[in-house]
1. Whether any residue in the range B:250-259 is at pLDDT below 85, in contact with a Phe, Trp or Tyr (Cβ under 6 Å, 6 or more places away or on another chain) and either assigned by TED's automatic domain parsing to the domain that holds B:LEU71 or surrounded by 14 or more Cβ atoms within 10 Å (Cβ to Cβ) (or both) is what I want to check.
2. What single numbered condition from (1) in contact with an Asp or Glu (Cβ under 8 Å, 6 or more places away or on another chain); (2) closer than 30 Å to A:VAL133 by Cβ; (3) not hydroxyl-bearing (Ser, Thr, Tyr) fails to hold for A:ARG93?
3. Considering only residues that are under 18 Å from B:ILE214 (Cβ atoms) and assigned to a helix (DSSP H, G or I), which ones fall in the range B:79-100?
4. Specify the residue that is nearest to the chain's Cα centre (by Cα); the eligible residues are those in the range B:218-257 that are of a type in the set (Gly, Ala, Ser) and part of a helix (DSSP H, G or I).
5. Taking the residues in the range B:93-110 that are at the interface with chain A (Cβ under 7 Å from one of its Cβ atoms), surrounded by fewer than 21 Cβ atoms within 10 Å (Cβ to Cβ) and under 16 Å from A:VAL171 (Cβ atoms) as candidates, determine which candidate is modelled with the highest pLDDT.
6. On the given criteria, is B:ILE262 assigned to a strand (DSSP E or B) and surrounded by fewer than 21 Cβ atoms within 10 Å (Cβ to Cβ)?
7. Limited to the range B:60-77, what total is found for residues that are more than 14 Å from every other protein chain (Cβ to nearest Cβ) and either surrounded by fewer than 16 Cβ atoms within 10 Å (Cβ to Cβ) or more than 28 Å from B:ALA196 (Cα to Cα) (or both)?
8. For B:LEU222, work out the one condition from (1) surrounded by 16 or more Cβ atoms within 10 Å (Cβ to Cβ); (2) farther than 30 Å from A:ALA182 by Cα it doesn't fulfil.
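The values are calculated or read from the model by the stated rules, or taken from the named source; none is laboratory data. Keep in mind that what you see is a predicted model, and the values were worked out from it rather than measured. Positions of Cβ are generated from backbone atoms using ideal geometry, with glycine treated the same way; all protein chains shown enter the neighbour counts.
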Amino acid sequence: MAYALQQLINGISLGMIYGLIAVGYTMVYGIIGMINFAHGDVFMIGAFLALIAVLLLQLGGLMDGPAAILLVLLFSMAFSALYGWTLERVAYRPLRGSFRLAPLITAIGMSIVLQNYVQVSQGARVKPLEPLVPGGIEVFREGGFVVQLSYVQMLIVGVTLAVLAIFTLLVTRTPLGRAMRACEQDQRMAALLGIDTDRTISLTFVIGTALAGVAGTMYLLRYGVIDFYIGFLAGVKAFTAAVLGGIGSLPGAVLGGLLIGLIETFWSAYFSVQYKDVAAFSILILTLIFLPTGLLGRQEVEKV
Amino acid sequence: MISPPRIHRNMILEVAGLTMRFGGLTAVDQLSFAALHGEITALIGPNGAGKTTVFNCITGFYRPSAGAIRLHHPGALPTDLHRLPGYRIARAGLARTFQNIRLFPGMTALENLLVAQHNRLMAATGWGIGAVLGLSRYPRAEREAVETARRWLQATTLLDRADDPAGALPYGAQRRLEIARAMCTSPTLLCLDEPAAGLNPRESDDLARLLLLIRGQGTSILLIEHDMGVVMRISDRVVVLDHGRLIADDTPAVVRAEPRVIAAYLGEGGEDEAA
């Protein structure tokens, strides 16, 4: 019982990180119908950016208290967004109106470029960081087993929910969000109503990659070790989450992320750690076969 | 013989020598005409005459092979529409609707009208940042946008459907909503591609009234239409195309009696589109 509760806590905090990345996949897919495979690598860059911010603050002796963590988060978000914007500008925009496969292949290319860029500039070795937010609270004790809810996990859940709330408000309540939804449904019509679709797509990338920056920061705080390759697995799993939730659906991405996080954690806890990725990706295959539109995705209606 | 294009002081749209070729097919051939300020101009012609192609050139969907399309503004230089990307055409003051309805089906009727006011809203709110930060200018701009939307919902008798998804509205209502949405961009020229298609006689009457209301508010209209009842009743000017060429450009009464127009509709190809 206590063991399962602990896994639930771990699974939710991991799932939140997947959810944040999955939102980026789903938004970009929603608006230009393309899977941005480089998104996971922007997440990895977000983690590195957070590490750089932490080291810079430590150098100045300022790495102390919640304000410093917020600063790290904002730094990572801002520069991840810049990477996302550049990515769209350099790699995807020139291919708009080209055949469907072209941006997809380019995305895989950009993923490789980003990985190697970080490997060359930061080195291939694993980067450790001592825990910045140590400790936690004891939730529950059963026999010799203590259920821990660490402060980092609380931080992850809190920050993720706050960011998603702001973001949901942005999409549903502001003119920018309406423009994004309009572009999603009919890009040419949106342009005819005076919406600058290129700018709207850029902003979509900026928002999506800023969320990836949040995820990267949270990952760094939680696990404390990063390398240039973490973006690949996390990216593919977040993609699985987006598909499971129904690609194109924002609440679906978060739900999918949570489910993947929970499935992976519980599988590791009760079956085998080595096969946890197999479990996650089996979900991808099963979803694609039996539930292609995902849990919250809408049915594609063929236009007559 | 076709008279040379009328050069007019109060022209709003000027089409000069417009030619559009698709491979070997010339869909529009050296077409020149003008639409005047405060008038309803109808563009008619049998099927395949090139009407929709002209529309697509005017609204930036096609890049014309040759010729110019200018939107005139009183007291300012004209805009060369054939050189602008789509979203700039809307900002220049031109709005259009489509033969097949192109609403945003997943958004509510009201949201469809708010999207059309995107530019004004964004400008008023510092590119949406103000909206997130809850700055005071934003609620006012949003209120005004909702007010404008409400006015057009009222004019199109859709007020009670404001919060329904646009895709769930009946066909006639969707048509009216498209016109309302186009009007929410505050255009100086409204281009309508077969607005009466598929409407029953009563709905056509309502449509005619709506178009006259729009003209009364100072927006000029350019209209493609097959419903001759509507065309003859409300148009100030009728431009007739056949095989991509201009064959008549005059008042409805004169055009109706023009032998070339009658021949185009009833003769030769036997196209029976003159419903």
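1. Taking every residue of the range B:250-259 in turn, none turns out to be at pLDDT below 85, in contact with a Phe, Trp or Tyr (Cβ under 6 Å, 6 or more places away or on another chain) and either assigned by TED's automatic domain parsing to the domain that holds B:LEU71 or surrounded by 14 or more Cβ atoms within 10 Å (Cβ to Cβ) (or both).
2. All conditions pass for A:ARG93, except number (2).
3. The answer is B:ALA90, and nothing else.
4. The extreme case among them is B:GLY229.
5. So the residue we want is B:MET107.
6. Values: assigned to a strand (DSSP E or B): no; surrounded by fewer than 21 Cβ atoms within 10 Å (Cβ to Cβ): yes.
Considered against the rule, which asks whether it is assigned to a strand (DSSP E or B) and surrounded by fewer than 21 Cβ atoms within 10 Å (Cβ to Cβ), B:ILE262 comes out as no.
7. The number of residues fulfilling the criteria is 9.
8. (2)
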